[in-house]
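Comments concern the structure below.
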């Protein structure tokens, strides 16, 4: 049985681990982002509005814009 060059141990430098090459095709990418990617869906304007109102009611908010941006950040998980 003939030994191919790539199988000779003398050609692999000491301390280097050889791993098999992946010769299979990669799976196709999904066209739309899925929930498994870890991304949350964008909150609706109604959800942001309610959260901004809750922030305003707490007395710990700022201006209307500040409350809106804070609510949006919190709902998106930033």
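Worth pointing out:
- Residue within region 19-39 that is surrounded by fewer than 10 Cβ atoms within 10 Å (Cβ to Cβ), modelled with pLDDT of 65 or more and part of a helix (DSSP H, G or I) present: no
- Pairs linking a residue in region 56-72 that is within 20 Å of residue 44 (Cα to Cα) to a residue that is outside any helix (DSSP H, G or I), with Cβ atoms under 6 Å and 6 or more positions apart or on different chains, are 67/61.
The values are calculated or read from the model by the stated rules, or taken from the named source; none is laboratory data. Keep in mind it's a predicted model, so treat the numbers as computed, not measured. Neighbour counts run over all protein chains shown; Cβ positions are idealised from the backbone, glycine included.
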